[in-house]
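The values are calculated or read from the model by the stated rules, or taken from the named source; none is laboratory data. Here the structure is a predicted model, which means the values were calculated and not measured. Glycine gets a Cβ as well: all are built from the backbone with ideal geometry, and neighbour counts include every protein chain shown.
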Amino acid sequence: MKVVILAGGLGSRISEESQIKPKPMVEIGDRPIIWHIMKIYSYYGYHDFIVCCGYKGYVIKDYFANYFLHNSDVTFDYRENNLMEVYGCEIEPWRVTLAETGGKNMTGSRIKQIQKYIPEGESFMLTYGDGVSDIDISALVEHHRQQGKIATITAVQPPAKFGVLDIDGESSILEFKEKPDTDAGWINGGFMVLNYDIFRYIDDEPMRIFEKEPLENLAKERQLSAFRHQGFWLPMDTLRDKNVLNRMWRDGEAPWKVW
């Protein structure tokens, strides 16, 4: 089963980094966050990736074009017709297709454009290029198969960023809760499984947003399933999120590091 990663957005909420690189290439522990996401899938045996590139996609292409150089010792011998020798090269067993899906296109358009890389009738996985989790991918896939629906979304409860005040009618604070477990209900956490039939719900209109009409229509037809994940999940939306993830990685407390 192929894994599709949406990696073409502008990343405007983390503009401190995205001005010079696409958000999936922002580093956590000296590795792009897209690498961390791919390592999660690879741990569960999924090694075939399709990356939907867009904004500054050439940075992603350059990274994977030279991936083995980033991860090995290399000797360049210019005396011997530019001979190159690679040492100690331990590379993940990945197959990576980098698809150019437009600099400003929305998620629905990007997904529709990679239909040509999905074998007809075959299911595939889809996620965003900016979020990590300790999700059990095998359990997610099994849930999707058992539900028998066109699409499965991983439902998560976002971590709270602020304390909560319980205030009575006379403006007295009854209770102060510092960062409760959740801010709200369940939300779309990415890490989806989609049947090939999903392409019937999407067109390649550049402004087509996958999370709008396509998913709304699937829900109306009772073809959308939720896989509830109550473990760790965090998207790298802001510089604060990046710093949190980096601190976890540095301290050896990264829950998403299942490999």
Qualifying residues in region 56-90 (those that are assigned to a helix (DSSP H, G or I) and of a type in the set (A, V, I, L, M)) - the one modelled with the lowest pLDDT:
69
From 12, 42, grab the single residue that is of a type in the set (Ser, Thr, Tyr) and surrounded by 14 or more Cβ atoms within 10 Å (Cβ to Cβ).
42
Test result for residue 242, of a type in the set (Lys, Arg), in contact with a helix residue (DSSP H, G or I) (Cβ under 9 Å, 6 or more places away or on another chain) and surrounded by 17 or more Cβ atoms within 10 Å (Cβ to Cβ):
yes
Filter region 196-211 down to the residues that are touching a Pro at 6+ places or on another chain (Cβ under 9 Å) and of a type in the set (Phe, Trp, Tyr), then identify the one that is surrounded by the most Cβ atoms within 10 Å (Cβ to Cβ).
201
Which of the residues belonging to region 214-239 are loosely packed, with under 13 Cβ neighbours inside 10 Å, in a loop (DSSP other than H, G, I, E, B) and within 19 Å of the chain's Cα centre (by Cα)?
230, 231
Is it the case that some residue within region 108-117 is within 21 Å of residue 42 (Cβ to Cβ) and under 21 Å from the mean Cα position of the chain (by Cα)?
yes
Just the residues that are charged (D, E, K, R) and either assigned to a helix (DSSP H, G or I) or modelled with pLDDT of 70 or more (or both), please, taken from region 145-184.
145, 149
Being surrounded by fewer than 18 Cβ atoms within 10 Å (Cβ to Cβ) and either part of a loop (DSSP other than H, G, I, E, B) or in contact with a Pro (Cβ under 7 Å, 6 or more places away or on another chain) (or both) narrows 120, 142 down to just 120
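For every residue, the table says whether it meets (1) under 23 Å from residue 95 (Cβ atoms); (2) free of Cβ contacts under 8 Å to residues at least 40 places away in the same chain.
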site	(1), (2)
12	no, yes
19	no, yes
25	yes, yes
30	no, yes
44	yes, no
59	yes, yes
62	yes, yes
Any residue that is in a strand (DSSP E or B), in contact with a helix residue (DSSP H, G or I) (Cβ under 8 Å, 6 or more places away or on another chain) and of a type in the set (A, V, I, L, M) - is there at least one of those in region 23-39?
yes
State all residues of region 94-117 that are hydrophobic (A, V, I, L, M, F, W, C) and either loosely packed, with under 14 Cβ neighbours inside 10 Å or over 13 Å from residue 194 (Cβ atoms) (or both); if no residue qualifies, say none.
94, 96, 98, 99, 106
Among (1) closer than 21 Å to residue 209 by Cβ; (2) in contact with a Cys (Cβ under 8 Å, 6 or more places away or on another chain) - the single one residue 98 does not satisfy:
(1)
